[in-house]
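Notes follow the structure.
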Amino acid sequence: MKLGKLPAKQFSQLLKVHQMNSDKITKGVLLLSSFVILFVAGGMIFSLVEGAIPALKSFGLSFIWSNNWNPTEGKENYGALPFIAGTIITSVAALLISLPLSFSVSLFLGEYYRGTRIAKILGPMVDLLAGIPSIVYGLWGFYVLRPLLIDLGLPNQGFGIFTASIILAIMIIPYATSLSNEIITMVPNELKEAAYSLGATRSEVIFNVVVPSARSGIIAGYILSFGRALGETMAVTMLIGNANIVPDGFFSTGNTMASVIANQFGEADGLKLSSLIAIGLLLFLMTGIINAIGKFIIKRMG
Amino acid sequence: MPLVSSSLNEWGNMNSAAKITVANLSRRTLKDKLFKGLVLFMSLITISPIVLIIYKLVEKGYRQISLDFIIKTPPNTFEAMTALSNGELIPGGIANGITGTLLMVVLASVIAIPVGVITGIYLYENPGKLLANLTRNISDILQGVPSIVLGLIAYMWIVKPITSGFSALAGSVSLSIMMLPMIVRSTEETLKMIPESIKEAAVALGVPYYKVILRVLIPTGFSGLLTGILLGISRILGETAPLMLTALGSSVINLDITKPTSAIPLLIWEFYNDPNMVDLIWSSSLLLMGMVLTLNLVSKRIAARTK
Amino acid sequence: MKEDNVNIKDPVLSIRNLSVAYDKGNYAVKDVSADIKRNAVTAIMGPSGCGKSTMLRAINRMHELYENIETKGSLILNGKDITDMPTIQLRRMAGMVFQRPNPFPTLSIYDNVIAGYKLNGIRLKKKERDEVVERSLRDVTLWDEVKDTLHKKGTFLSGGQQQRLCIARALAFDPEVILLDEPTSALDPVATSKIEDLLVKLKENYSILMVTHNMSQAARISDYSMFMYLGELVEYGKTKDMFTNPKDRRTEEYLTGKFG
């Protein structure tokens, strides 16, 4: 009971398609599209450098460590130090504030309540933190957090590094937990059971078995979240006080690289615009390096 | 005799060691309980902002939400001030922001989704290749580029040379660069989950390569792709900073991609800076959050259903 | 290799000096030559890693999916060299069934059977389609089990049913030879014996080449057997002869369970 033959006409059409090397064309299209990303990334670096050249020509490398930001015509002088300092200080502070919180959440989700109903509620809620737009965080920080901090005696109307860091800390938590939670979940049960069988308590197992085996993943998560903090714009802009000075303390006002671009771009042209682009280039490089380190650690974990 | 005494000694030592362990045990369990309590407490603190933020948006924003809010453009400052002094709700709405957001998000998706999906397929098909590894790493790094920098880029690429002025197109380009690496990644991850044998089954039937991709791989991984795309969209929906440098904003509904265009986040920023309009920030944020949350939930639903 | 062992007239498939290398110089199949008999079941046996699956997949040019695999030698299917044949033509002539059942998860049972037509864009009339589906499913004795659920997804079937669906998918294309790569290794004994019965029945109309790691399966259903070891074809002959009187020491050791 052999089946009938294939429809001959359609089959010969199919053969023609094959002879046109459709497979090669397909592969070519795939290859081409992957060049788009390389092209975009290369073009970004090229355009940022090109745009930054006037500023770098005028100020040289001292652009990076000068703290003079003077847009007065005739006396124009721009230095990025206040913003570099502001960016690093707020991001480090945000990382430190977020550390105990995201660590606890990863333990909650990956160890204490792994797979339970409560974890299935808490997990998505933490993910949602990443979904809240930056500007909404800014509003909340401005109208809810800032008055609270003023009551606690914070100077400068509650604006400054400290306030911005708290909001930043909340914003970056999901980026730290999504990775470390996954890695903690992956710690083999045999390892943990071996420690339990020796009489260790749960917290001892966590500190002596779980954390050491998940260490690189946890660290990589924090590095990636730090990279996020470096580039956050709106919420920081609304809370940091926008003072173009090198901050002299945790409660001082300041400005970050991202927020100075957002704030001053509107009225910028010429040398000022070039300086803002140069700051953008520096920010691009900083986040690029931090992310590359994070990805490198993840890759090394295998 | 020395032998006995030494063994006695050992016994004595073990006894005291045992005692220490018993004394230790209660301290250790206490420590254990304290630590768990701390973890619980910290976790609660971590999720409290999301509850508090949503509560605040609903509490202060819900009264403003109405049909008008969606189909009308914002009032001018004077109208808003009059309404405020009469103790009325501010009239008008954010139709220009809603249409602008939709326009730019759709355009960004149209740019980013095809390129991202095809690149993701390329990465999946050539796992060990040098070019693929390079592309993957660059894509990962691109994902970490701050959105404000993408605004600068779109300003230099589109605003100055192409539309000679702020435009929806420039906004879309900045958003699409942001979305692109997310789609590349989720496409590759999704395809990796499809068993190799499904692909081989199609190849063994003589199906040409492009049809294997279009009719087997993409349909099989469709829900995964959709999840990635929806998450990508939910991420760009609330972006403000790059749009300030590209789309700028507009007080009227604009659907011309070469002209300045508003977006919901841009309007929030404008309202925030205008004391007469500031009441509108809550309702606008509520609407924006509603859209982001819905997309998030829908994508989670799709992801869960296929598992 | 003792070629005098088998003398097959009008073979459905001639394998001539076939070598397959992963990476450069790392040979998984070394210079294999053999003729495959028409309307018979030929089993390829050997310990894992002996190159039996690699050889089978070479017949369908499956290795073209992967760039680092190099194939040398010639394969003559029904008198035609397959090396430069359009893949669609080759794969129509040589149907393939895999180790694990792999119905297309997005397609219904009905569409899975005619997937070869559907995915290639060959349009059939509704009547023709129904006919192909029913015949193929009857051929694999699946028709009665699924005729009321034809439009449900194929992935809802049991493992054995799925594998029979995959065989039906290959049959629907009316192939000259059916290549099976350990088709029962993922199945329970009941499903396995159903597939075995089916293969014996199918050889009336098709030529069957099957890789198996299961000696007793080869003994039960195959007419001819190959024994491969470390990429080489060690022995090839009538299954009865090989099992009762193996010519090569390595074959004997394998059949008596000394290795593998």
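The values are calculated or read from the model by the stated rules, or taken from the named source; none is laboratory data. Since the structure is predicted, the reported quantities are computational estimates derived from the model, not experimental observations. Quick reminder, even Gly has a Cβ in these numbers, built from the backbone with ideal geometry, and neighbours come from all protein chains shown. Calculation scope for accessible area: heavy atoms of the full protein, side chains included, ligands and nucleic acids excluded. Shrake-Rupley method; radii C 1.70, N 1.55, O 1.52, S 1.80 Å.
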**OP:** Show the residue pairs that are 6+ apart or on different chains and have beta-carbon atoms under 8 Å apart, the first residue being within segment C:34-50 and without any contact (Cβ under 8 Å) to a residue 40 or more places away in the chain, the second being crowded, with 21+ Cβ neighbours inside 10 Å.
**Re:** C:Asp35/C:Leu13; C:Asp35/C:Ile15
Subject >> Among (1) in contact (Cβ under 8 Å) with a residue 40 or more places away in the chain; (2) within 22 Å of the chain's Cα centre (by Cα); (3) not assigned by TED's automatic domain parsing to the domain that holds A:Leu179, the one test that A:Ala52 misses >> reply: (2)
Subject >> Selected residue [open to solvent by 10 Å² or more (accessible area, probe 1.4 Å), closer than 25 Å to B:Val203 by Cα and more than 13 Å from every other protein chain (Cβ to nearest Cβ)] from C:Leu198, C:Leu187 >> reply: C:Leu187
**OP:** Residues that are more than 20 Å from A:Leu276 (Cβ to Cβ), within 14 Å of chain B (Cβ to nearest Cβ) and among the hydroxyl-bearing types (Ser, Thr, Tyr): find the helices (runs of 4 or more DSSP H) completely inside segment A:37-138 holding 3 or more of those.
**Re:** A:81-107
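Within the group C:Ala43, C:Ala34, C:Ala94, which residue is open to solvent by less than 70 Å² (accessible area, probe 1.4 Å), more than 24 Å from B:Ile198 (Cα to Cα) and in contact with a Leu (Cβ under 7 Å, 6 or more places away or on another chain)?
Exactly one residue qualifies, and that residue is C:Ala34.
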Original post:
So which residues in segment C:123-175 are within 13 Å of chain A (Cβ to nearest Cβ), more than 27 Å from C:Asn78 (Cα to Cα) and either crowded, with 18+ Cβ neighbours inside 10 Å or of a type in the set (Lys, Arg) (or both)?
Top reply: C:Lys125, C:Lys127
Original post:
Taking segment C:54-81 as the search range and keeping residues that are within 12 Å of chain B (Cβ to nearest Cβ) and touching a strand residue (DSSP E or B) at 6+ places or on another chain (Cβ under 8 Å), which one is most open to solvent (accessible area, probe 1.4 Å)?
Top reply: C:Asn68
**OP:** For B:Gly87, indicate whether it is part of a loop (DSSP other than H, G, I, E, B), surrounded by fewer than 23 Cβ atoms within 10 Å (Cβ to Cβ) and in the same structural domain as B:Lys211 (by TED's automatic domain parsing).
**Re:** no
**OP:** Given the conditions (1) at pLDDT below 90; (2) in contact with a helix residue (DSSP H, G or I) (Cβ under 7 Å, 6 or more places away or on another chain), report the number of the one that A:Gly199 does not fulfil.
**Re:** (2)
**OP:** Of all residues in segment A:128-144, count the ones that are touching a residue at least 24 places away in the same chain (Cβ under 8 Å) and more than 23 Å from B:Pro242 (Cβ to Cβ).
**Re:** 0
Subject >> Lone unmet requirement of (1) assigned to a helix (DSSP H, G or I); (2) open to solvent by 30 Å² or more (accessible area, probe 1.4 Å); (3) more than 8 Å from chain A (Cβ to nearest Cβ); (4) within 25 Å of A:Ala262 (Cα to Cα) for B:Trp269 >> reply: (3)
Subject >> Checking C:Met85 against (1) within 11 Å of chain B (Cβ to nearest Cβ); (2) part of a loop (DSSP other than H, G, I, E, B); (3) surrounded by 24 or more Cβ atoms within 10 Å (Cβ to Cβ), the condition it does not meet >> reply: (3)
Original post:
Going by the conditions given, is A:Ser275 more than 8 Å from chain B (Cβ to nearest Cβ), open to solvent by less than 10 Å² (accessible area, probe 1.4 Å), within 17 Å of A:Ser91 (Cα to Cα) and small (Gly, Ala, Ser)?
Top reply: no
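Determine if segment C:93-100 includes at least one residue that is part of a helix (DSSP H, G or I), under 12 Å from B:Leu205 (Cα atoms) and of a type outside the set (S, T, N, Q). Quick ask: steps written out before the conclusion?
Going through segment C:93-100, the residues part of a helix (DSSP H, G or I) turn out to be C:93.
Keeping just the survivors that are under 12 Å from B:Leu205 (Cα atoms) gives C:93.
Then drop every residue that is not of a type outside the set (S, T, N, Q), which leaves C:93.
Within segment C:93-100, one or more residues are part of a helix (DSSP H, G or I), under 12 Å from B:Leu205 (Cα atoms) and of a type outside the set (S, T, N, Q).
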